[in-house]
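**Student:** This structure is in structure tokens; I'll ask about it shortly.
Every number in this text was worked out from the coordinates using simple rules, so none of it is lab data. Given the structure is predicted, the values throughout are model-derived calculations rather than measurements. Backbone-built Cβ (ideal geometry, glycine too); neighbour counts: all protein chains shown.
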Amino acid sequence: MTISGITRGNPEAAHCAFTFDDGPMRISIDPWLDALEQGGACGTFFLTGEWFDRHPAKAREMLARGHELATHTYHHRRMADVTKAVFFEELRLAELAYQEATGRPVPALIRFPYASYRDENMEWLREWNYLLIEGEDTVDWSGPPSAQLVERVIPKLVNGAIFMFHANEIAKETPQAVKSLVRHTRDRGFAAVSVSELLRANGIPTGERSWQVRFRPAVQGSFLSEQWKPVAGDDELQKLAADSLEWGNPKAPTGAGAYSKWLQALSTPVQWDDDTRFVARSFAGQHWAYVRATVRGDALVLEDFAAKEAHADALVYILQWAAHEASAFGCKWVTASQDMRRIHKLCEQLGLEAEIVTQD
């Protein structure tokens with residue numbers, strides 16, 4: 001007997017969830033977002049790790065607009081066909097892509113591509129405390145006209161319903177159908193909510209998972225300490241906030257009021273003690289990078305960092321600063337929860353012992 005996932009929320013609650021799989025690679029996802037938002041609805045998007053890697057800014061924007069994002073494996077594999085090692089590698093890669101793109105922990109929710117899984121997959125999911133989310137298949141993966149899609153879904157609109165749509169190049173008619181369906185649900189007194197909210201109404205909590213990279217500090221080669229100075233004074237802080245807002249930091253806000261929110265975030269210390277550092281790398285009268293770090297136990301934790309240039313050498317400068325500071329503090333590790341895969345690869349190239357591990 002096949003073990004199934006969650007297919008419906010609370011049958012006593014007048015709400016439903018619109019969910020979308022995949023993530024379009026060659027067209028914009030905006031039509032799906034607009035279709036939901038015009039009716040005051042939010043959606044839950046199960047996106048591949050590849051999509052997160054290609055569209056990190058859009059992922060952050062979607063969260064800021066009130067939508068929920070979850071994973072759909074990394075490579076869109078048929079999970080019923082893979083080994084246990086490949087299964088967890090797909091989850092791990094997808095989680096790393098999600099966290100690096102959004103700067104947030106990963107919701108422990110998943111939908112398998114093609115609804116392909118076997119009982120063993122469900123047992124493996126439980127090892128990482130995941131919930132498999134299924135629901136009513138709208139069959140929009142076959143590319144039906146929007147009117148046909150609406151006719152198919154309306155009879156299934158009941159309390160706690162979860163609808164499975166797609167956001168990809170095939171389901172181009174889906175946004176128009178969703179626009180009509182959101183209006184219909186509202187007229188019938190239903191709220192279109194996220195999967196997490198729908199589950200909470202049924203007494204089902206959703207967990208989160210997060211990762212960090214850590215490496216052993218070792219000062220190597222020349223280190224230009226004079227380029228790194230503490231960020232001091234309102235004028236410099238304001239200039240750094242304006243400069244760094246466009247550097248692609250996953251923690252930086254987007255949309256209206258982004259600068260004010262970012263200035264406030266940078267103005268908030270990570271903790272109040274002598275083991276905190278907020279420094280910027282500057283030369284030629286410009287900011288080129290910044291780091292906010294603090295000592296926790298035996299580790300120097302890189303709470304937040306970004307560089308003006310996207311190439312790897314800019315990150316190497318940050319790692320060199322971190323290794324220098326960690327050694328001065330007597331720390332055994334330097335840890336970070338962003339840019340984890342690049343840091344791990346660079347540490348490998350620099351001959352530094354490094355690993356990517358889950359956070360407690």
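**Student:** Could you give me the ³J(HN,Hα) list for the stretch 110-118, computed from phi with Karplus coefficients 6.51, -1.76, 1.60 and θ = phi - 60°, whole Hz, x at Gly and Pro?
**Tutor:** 8, 10, 7, x, 6, 6, 9, 6, 10
**Student:** Tell me the net charge near ARG342. Cut-off is 11 Å between Cβ atoms, ARG342 excluded, with +1 for each Lys or Arg and -1 for each Asp or Glu.
**Tutor:** Working: positive: ARG341, LYS345; negative: GLU100, ASP339, GLU348.
Value of the local net charge: -1.
**Student:** Roughly what angle does helix 258-267 make with the longest principal axis of the chain, taking Cα atoms, 0 to 90 degrees, to the nearest 10?
**Tutor:** With both axes taken from Cα atoms, the answer is about 50 degrees.
**Student:** Angle between the Cα long axis of helix 340-350 and the longest principal axis of the chain, 0 to 90 degrees, nearest 10?
**Tutor:** 40 degrees
**Student:** Pull up the DSSP beta bridges for the chain and report the antiparallel fraction as a percent, rounded to 5.
**Tutor:** 55 percent
**Student:** Report, by chain and number, residues whose modeled amide H sits under 5 Å from the one on ALA191, excluding near sequence neighbours (fewer than 5 apart, same chain).
**Tutor:** HIS15, CYS16
**Student:** With a ≥ b ≥ c taken as the square roots of the eigenvalues of the C-alpha gyration tensor of the stretch 211-265, please select rounded if a/c is under 1.5 and otherwise prolate if a/b is larger than b/c or oblate if it is not? Walk me through the numbers before you get to the answer.
**Tutor:** On the way: a/c = 3.06, a/b = 1.53, b/c = 2.00.
The shape class here is oblate.
**Student:** Remind me, what semi-axes does the stretch 15-209 give for its equivalent ellipsoid, largest first in whole Å, using sqrt of 5 times each Cα gyration tensor eigenvalue? Display every interim value, and only then the final one.
**Tutor:** Working: eigenvalues 129, 63, 56 Å².
Whole-Å semi-axes of the equivalent ellipsoid: 25, 18, 17.
**Student:** If you plug each phi of the stretch 64-80 into the Karplus form 6.51 cos²θ - 1.76 cosθ + 1.60 with θ = phi - 60°, what whole-Hz ³J(HN,Hα) values come out, in order, with x for Gly and Pro?
**Tutor:** So the J values, rounded to whole Hz, are 5, 7, x, 8, 9, 10, 9, 9, 9, 6, 8, 9, 6, 7, 7, 6, 5.
**Student:** Starting at 0 and stepping by 20 Å, how many percent of the alpha carbon pairs of the chain end up in each bin?
**Tutor:** For the chain, the pair-distance distribution reads 28, 50, 21, 1.
**Student:** Expressed as an acute angle from 0 to 90° and rounded to the nearest 10, what is the orientation of the C-alpha long axis of helix 234-244 relative to the principal long axis of the chain?
**Tutor:** 50 degrees
**Student:** Rounded to the nearest Å, what's the spacing between the alpha carbon centres of the stretch 1-56 and the stretch 88-129? Just the number, please.
**Tutor:** Measuring centre to centre over Cα atoms gives 15 Å.
**Student:** Given a cut-off of 22 Å, name the pairs among LYS58/LYS251; LYS251/LYS308; LYS156/LYS179; LYS239/LYS345; LYS239/LYS308 whose C-alpha atoms lie farther apart than that in the structure shown.
**Tutor:** Values: LYS58/LYS251 13 Å; LYS251/LYS308 15 Å; LYS156/LYS179 17 Å; LYS239/LYS345 32 Å; LYS239/LYS308 13 Å.
Long pairs (Cα-Cα over 22 Å): LYS239/LYS345.
**Student:** Just to confirm a number: summing +1 for Lys and Arg and -1 for Asp and Glu over residues other than VAL195 whose beta-carbon lies under 12 angstrom from that of VAL195, what do you get?
**Tutor:** The answer is 0.
**Student:** Based solely on its DSSP helices, what 222 nm [θ] is calculated for the chain when runs of n ≥ 4 H residues each add -39,500 (n - 2.57) and the sum is averaged over all residues, nearest 500 deg cm²/dmol? Numbers along the way, then the final one.
**Tutor:** Numbers: 12 runs with 129 residues, N = 360.
Per the formula, -11000 deg cm²/dmol.
**Student:** Scan around TYR74 for amide H atoms under 5 Å from its own, H built in the peptide plane at 1.01 Å from N, and keep only partners 5 or more places away or cross-chain.
**Tutor:** For TYR74, whose amide H was placed from the backbone, the distant partners under 5 Å are GLY49, ALA94.
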